[in-house]
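Quick notes on the structure that follows.
The values are calculated or read from the model by the stated rules, or taken from the named source; none is laboratory data. None of the values given here were measured: they were computed from a predicted structure. We place every Cβ from the backbone using ideal geometry, glycine too, and count neighbours over all the protein chains shown. These accessible areas exclude ligands, DNA and RNA; they are computed on the full protein's heavy atoms, side chains included. Shrake-Rupley method; radii C 1.70, N 1.55, O 1.52, S 1.80 Å.
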Number of protein chains: 2
Amino acid sequence: MTTDLACTPLPAITVDLLLGIVTTRAIRRYKDEDIPEEDLRAMLFAASRGSSGSNRQPTRFLVLRRTEAAGEARRLLGLAARTVWERKSVNEGYGTGSGAVPSSRKWRMAQTMQMFAENIDRSPVIVFACLAGVQAPDLHHGASVYPAVQNLLLAARSLGYGGVLTTFHREVQDDLVRALNLPQDVTICATVPIGRPMGNHGPVRRMPLSATVHENVWGAHPSWAVEPPPVRAAGARSAEFTGE
Amino acid sequence: MTTDLACTPLPAITVDLLLGIVTTRAIRRYKDEDIPEEDLRAMLFAASRGSSGSNRQPTRFLVLRRTEAAGEARRLLGLAARTVWERKSVNEGYGTGSGAVPSSRKWRMAQTMQMFAENIDRSPVIVFACLAGVQAPDLHHGASVYPAVQNLLLAARSLGYGGVLTTFHREVQDDLVRALNLPQDVTICATVPIGRPMGNHGPVRRMPLSATVHENVWGAHPSWAVEPPPVRAAGARSAEFTGE
């Protein structure tokens, strides 16, 4: 297998870069399919191309497969996800108001989050993005690891997968350190489940650019910061690209 | 212009997503060309598609154009870049050892950094990626802003531009706050100059996957974590895609 992959080029045609970026959604529901190692390699290779301060490359990836050796870490994440979601559900009133109205946006989000929390431990793959060799990393250390996480998510999308950046590890930090045998100077920064999506990628909901883009000084919103016409939702892999 | 862009779709064909990710370099030298507003809009739109914790969307972008109103902020960044580079140059011996050998890797890096520091204030565009409404952001807040920065850099590359994630703002923080009129709860997280590259995008130098990817437990390196054959360097915009 090692020799094979060393001679196997990355997939050559996937999805258009700009359209891929603007149609990459957080994917929280996965088909029950393992991810071939060739695709895993491509995703981790893409992730590792992220930049870092002075190119020090402090980012490490720990990939949980669906195997006995990953059992305890997966169990801990499942526990963490359910704890986080239950707390959030109560604090943000997901069971009341519009959250109690079937098929409202809030209700649908609650269904997705509930299902996500119940099934995260069975995700085809879960990637921990970590910083190594940094004591007590601060905000700016994030600049050396989260770009890699975004590469990971975009590369997943390019190959017909999807994932989501979570921080569930924070809920079970000490137990995870033991289960994963993490050295003292390694910090988990992101927990990223990945799999073949149930549902589709497509345009995402965000505030208008006129509210988030300033020009030259704070508070001056430029006339060019306007939304483009809706982007056509694009499926996975090559079809929609060659079909443009 | 506003009306025009609201009806103008994003560029439809740029670069392949996966190949774009793995060939996006830090670009520090720019041609003396302004960036059309249509392209700026596409980049900022792509950046704003990044995900954030609970989709709270705390990220804001402040875009410095080449105009009088941006003069003081640009001057401060130039000062910061030169200060940071001079310190680094001394601390890391860029003028000694292999750094003193013309055309060595270290010497070439020093030339690039020197030129970057001298010219950063004239970059066609400089984007500050900020967090708003977060008091004293920590590592994990970075998960809501640095993925957007990576989107910005990849979108730039998709349109034939290039940029680099820097943290020069840290050197002149208080003066920048005044020059930009930043509210008290806004934190600059990244300073990203962008322009038409002198030089090319292409494969980047990173540690081997066998050193950075672990499987199931820390220290176990999977057999599939091997480099692919070299990726062909790709130029900008559509040509290299349709030419594949």
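Please say if the protein assembly as shown is rounded, prolate or oblate, where rounded means a/c under 1.5 for a ≥ b ≥ c the square roots of the C-alpha gyration tensor eigenvalues, and otherwise the choice is prolate for a/b larger than b/c and oblate otherwise? It comes out rounded by the Cα gyration axes. Scalar couplings 3J(HN,Hα) for segment B:40-52, obtained by applying the Karplus form with A = 6.51, B = -1.76, C = 1.60 to θ = phi - 60°, are 4, 4, 4, 5, 6, 4, 4, 4, 6, 7, x, 7, 8 Hz; x denotes Gly and Pro.
At 1.4 Å probe size, with every protein chain present, just tell me what the per residue accessible area of the protein assembly as shown comes to in Å². Each step should come with its number before you reach the end.
On the way: 19900 Å² over 488 residues.
Heavy-atom accessible area per residue stands at 41 Å².
Under 5 Å between amide hydrogens, built in the peptide plane, is the criterion, and for A:Val15 it picks out B:Leu17, B:Leu18 among residues at least 5 positions away or on other chains.
Net charge near B:Phe116: determine it from the other residues with C-beta under 9 Å of the C-beta of B:Phe116, scoring Lys and Arg +1 and Asp and Glu -1.
On the way: positive: B:Arg28, B:Arg29; negative: B:Glu118.
Once positives and negatives cancel, what remains is +1.
Whole-Hz Karplus values for segment B:105-110 come out as 4, 5, 5, 5, 4, 4 Hz, taken residue by residue from phi with 6.51 cos²θ - 1.76 cosθ + 1.60 and θ = phi - 60°; glycine and proline positions read x. Judged by the mean number of other Cβ atoms found within 10 Å, the most tightly packed of the peptides A:154-162, A:59-67, B:161-169 leads the ranking A:154-162, B:161-169, A:59-67.
With θ taken as phi - 60° and the Karplus curve 6.51 cos²θ - 1.76 cosθ + 1.60 applied, the whole-hertz 3J(HN,Hα) list for segment A:176-188 is 5, 4, 5, 5, 8, 6, 6, x, 5, 9, 10, 10, 6 Hz, x standing for glycine and proline.
Rounded, prolate or oblate: which one fits segment B:103-241, using the alpha carbon gyration tensor with axes a ≥ b ≥ c (rounded when a/c is under 1.5, else prolate when a/b beats b/c, else oblate)? It is oblate, given that a/c is not under 1.5 and a/b is not larger than b/c.
With K and R counted +1 and D and E -1, the other residues having a Cβ less than 13 Å from that of B:Arg56 yield a net charge of +3. Segment A:Arg56..A:Ala211, full-extension length gain: 52.3 nm, with 0.36 nm per residue of separation and the alpha-carbon distance subtracted. Net charge in the neighbourhood of B:Ser89 (other residues with Cβ under 14 Å of its Cβ; Lys, Arg +1, Asp, Glu -1) is +2.
Distances between equivalent label points of B:Gln114 across the copies, with each point positioned 7 Å along Cα→Cβ, amount to 6.5 nm, shortest listed first.
Put simply, the amide H of B:Leu64, placed in the peptide plane, has neighbours under 5 Å in A:Asn216, B:Ile126, B:Val127, B:Phe128, leaving out anything fewer than 5 places away on its chain.
What number, in percent, do you get for the relative contact order of segment B:40-141 if the mean sequence gap of Cα pairs under 8 Å and at least 6 apart is divided by its residue count?
Details: 81 pairs, mean separation 40.4, N = 102.
Across segment B:40-141, relative contact order equals 40 percent.
In summary, the aspartates and glutamates within cross-link reach of B:Lys88, defined as a Cα separation below 16 angstrom excluding same-chain residues under 8 places away, comprise B:Glu118, B:Glu171. What would the Debye formula give as log10 I(q)/I(0) at q = 0.17, 0.19, 0.22 Å⁻¹ for the alpha-carbon point model of segment B:1-128, no solvent? Here log10 of I(q) over I(0) equals -1.13, -1.22, -1.31.
Can you bin chain B into rounded, prolate or oblate? Criterion: square roots of the alpha carbon gyration tensor eigenvalues sorted a ≥ b ≥ c, rounded for a/c under 1.5, prolate for a/b above b/c, oblate for the rest. Before the final figure, lay out each step's value.
On the way: a/c = 1.26, a/b = 1.10, b/c = 1.14.
In terms of gyration-tensor shape, rounded.
Which of the residues in segment B:170-192 lose at least 50 Å² of accessible area when you go from the chain alone to all protein chains together (probe 1.4 Å)? Residues of segment B:170-192 that lose at least 50 Å² of accessible area once the other chains are added: B:Arg170. Computed extension gain for A:Ala12 through A:Glu86, at 0.36 nm per residue and net of the alpha carbon distance, reaches 22.4 nm. Of the solvent-accessible surface of the protein assembly as shown, computed with a 1.4 Å probe and all protein chains present, 50% belongs to carbon and sulfur.
Within segment A:144-165, the residues that become at least 30 Å² less accessible when every protein chain is included than when their own chain is isolated (1.4 Å probe; DNA, RNA and ligands ignored) are A:Tyr146, A:Pro147, A:Gln150, A:Asn151, A:Leu154, A:Leu165. Residue of chain A with the Cβ closest to the rotation axis carrying A onto B, and that distance rounded to whole Å: A:Gly142, 1.
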